[in-house]
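**Student:** Below is the structure I would like to discuss, written out as structure tokens.
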Amino acid sequence: MLVYNLDKDVAQQQSDDYVLENFWNNLSTISQKLSFECTKVGICFTKSPIPTANETSSLLTSVEQAVLSLVSVFYSLSPVYGSVLHSNVQYAVVRAIQAARLLLKVIKDEGGEAIPERYHQSTGIVWQGCDLIAKCPQDNKAAVLRELHGQNNLVSDAFTEISEALKGDGSGWNCLDDSEDYMEEEDKWTNEDKDLIGPSVNLIKAAKILYKRVLAAVEKNGSCATPDKVKELDQLYEDCKLVSKTVDTLILELYPPLNVSSMEEQSCQLADLLRTALKTCAQSHIASEAEQPHIDFLDKAVVHNLDCMKEKLSHR
């Protein structure tokens with residue numbers, strides 16, 4: 001039975017690879033077609049004489065047909081291949097279409113009166129949009145990795161920022177006015193404040209470690225071989241995204257003047273989200289047996305720091 005299931009997974013993977021390969025071939029062809037037609041429009045309107053009404057109509061029809069073909073190909077991408085992949089492709093396709101519409105708007109509003117630089121600029125934006133399509137991740141694993149790397153950068157930056165700030169008194173973090181009067185009114189951390197936020201900073205550090213371990217696990221073990229594995233990658237992305245967003249919110253609550261109730265609320269929420277993400281990771285195909293002790297250790301670290309925060313707050 002195990003051999004049968006493995007053979008079935010391999011067959012499913014091969015089928016999915018074939019479908020996705022055709023999808024990307026079609027999307028690439030149409031994207032290049034859209035880029036070509038928009039470039040042709042830009043060139044025609046920077047030469048003299050400019051196209052006649054009939055010639056303009058023909059040019060615009062070619063662009064519109066390419067746009068419709070692009071939309072049609074996009075909708076052929078089944079959600080079964082992953083919601084993160086679907087969102088990445090959708091974003092790129094929408095950007096390319098918006099760029100094409102901008103070029104058409106320039107022609108409609110300004111016609112031959114637009115300066116050549118205006119057409120060059122609009123055509124360049126179309127190229128950028130089509131380039132986004134060319135650079136899209138090719139499957140859900142690649143899409144999830146791309147998004148996780150972006151979230152990881154935000155969390156790492158947040159931890160570095162607060163760690164550097166703790167070397168001082170936290171003053172000047174939101175200073176937009178360099179006047180002497182303003183500087184005298186700056187809020188600063190007290191020693192008690194810095195002690196209180198310690199566990200919250202450690203939770204942010206735990207988030208940083210979470211991303212490091214998840215990225216490595218997805219890179220090594222992540223798979224799109226079955227719909228269930230694709231869904232697991234999607235769920236992991238969703239759980240980690242909430243962690244990243246909450247870190248971004250919590251970091252602002254830690255700076256002076258310290259709002260203790262907000263800090264406690266956001267820290268508790270971050271701890272819950274961290275444990276949820278860890279549980280999702282542990283129950284997914286990306287977590288090997290060797291990874292489980294690291295997941296358990298990080299989970300205990302989250303609980304420990306949450307308990308430390310509550311104890312400190314109880315003695316205020």
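The values are calculated or read from the model by the stated rules, or taken from the named source; none is laboratory data. In this text, all values refer to a predicted model and were calculated from it rather than measured experimentally. Glycine gets a Cβ as well: all are built from the backbone with ideal geometry, and neighbour counts include every protein chain shown. With ligands, DNA and RNA removed, areas are computed over all heavy atoms of the protein, side chains included. Shrake-Rupley method; radii C 1.70, N 1.55, O 1.52, S 1.80 Å.
**Student:** Could you pull out the residue among V73, V19 that is part of a helix (DSSP H, G or I), under 25 Å from A100 (Cβ atoms) and either modelled with pLDDT under 95 or open to solvent by less than 40 Å² (accessible area, probe 1.4 Å) (or both)?
**Tutor:** Just a single option satisfies the conditions, and that option is V73.
**Student:** Any residue that is buried (at least 17 other Cβ atoms within 10 Å of the Cβ) and not in a helix (DSSP H, G or I) - is there at least one of those in the stretch 290-312?
**Tutor:** Checking the stretch 290-312: not a single residue is buried (at least 17 other Cβ atoms within 10 Å of the Cβ) and not in a helix (DSSP H, G or I).
**Student:** Go through the stretch 238-249 and give me each residue that's open to solvent by 30 Å² or more (accessible area, probe 1.4 Å), under 16 Å from A143 (Cβ atoms) and touching a residue at least 24 places away in the same chain (Cβ under 8 Å). If you could, list the steps in order and put the result at the bottom.
**Tutor:** From the stretch 238-249, those open to solvent by 30 Å² or more (accessible area, probe 1.4 Å) are 238, 241-242, 245, 248-249; that's our starting set.
With the extra rule that they be under 16 Å from A143 (Cβ atoms), the set shrinks to 238, 241.
Once the filter is applied, which keeps residues that are open to solvent by 30 Å² or more (accessible area, probe 1.4 Å), under 16 Å from A143 (Cβ atoms) and touching a residue at least 24 places away in the same chain (Cβ under 8 Å), the stretch 238-249 yields only K241.
**Student:** Residue pairs, Cβ under 9 Å, 6 or more apart or interchain, first in the stretch 76-101 and in a helix (DSSP H, G or I), second among the aromatic types (F, W, Y) and crowded, with 22+ Cβ neighbours inside 10 Å. List them.
**Tutor:** Short answer, once both residue conditions are applied: S83/Y237; V84/Y237.
**Student:** If K33 satisfies all but one of (1) crowded, with 16+ Cβ neighbours inside 10 Å; (2) within 25 Å of D234 (Cβ to Cβ); (3) touching a residue at least 12 places away in the same chain (Cβ under 8 Å), what's the number of the condition it fails?
**Tutor:** All conditions pass for K33, except number (2).
**Student:** May I ask you to verify whether S83 is closer than 30 Å to A225 by Cβ and buried (at least 19 other Cβ atoms within 10 Å of the Cβ)? Please lay out each step first, then the result.
**Tutor:** Working: closer than 30 Å to A225 by Cβ: yes; buried (at least 19 other Cβ atoms within 10 Å of the Cβ): yes.
Taking the combined requirement at face value, the residue satisfies it.
**Student:** Which count do you get for residues in the stretch 256-265 that are open to solvent by 10 Å² or more (accessible area, probe 1.4 Å) and in contact (Cβ under 8 Å) with a residue 40 or more places away in the chain?
**Tutor:** 4
Residues checked against (1) closer than 26 Å to L85 by Cβ; (2) of a type in the set (S, T, Y):
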position: K212; (1), (2): yes, no
position: T249; (1), (2): no, yes
position: E265; (1), (2): no, no
position: P293; (1), (2): no, no
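**Student:** Restricting the search to the stretch 139-173, which residues are at pLDDT below 95, part of a loop (DSSP other than H, G, I, E, B) and touching a helix residue (DSSP H, G or I) at 6+ places or on another chain (Cβ under 9 Å)?
**Tutor:** Selection gives L166, D169, G170, S171, G172, W173.
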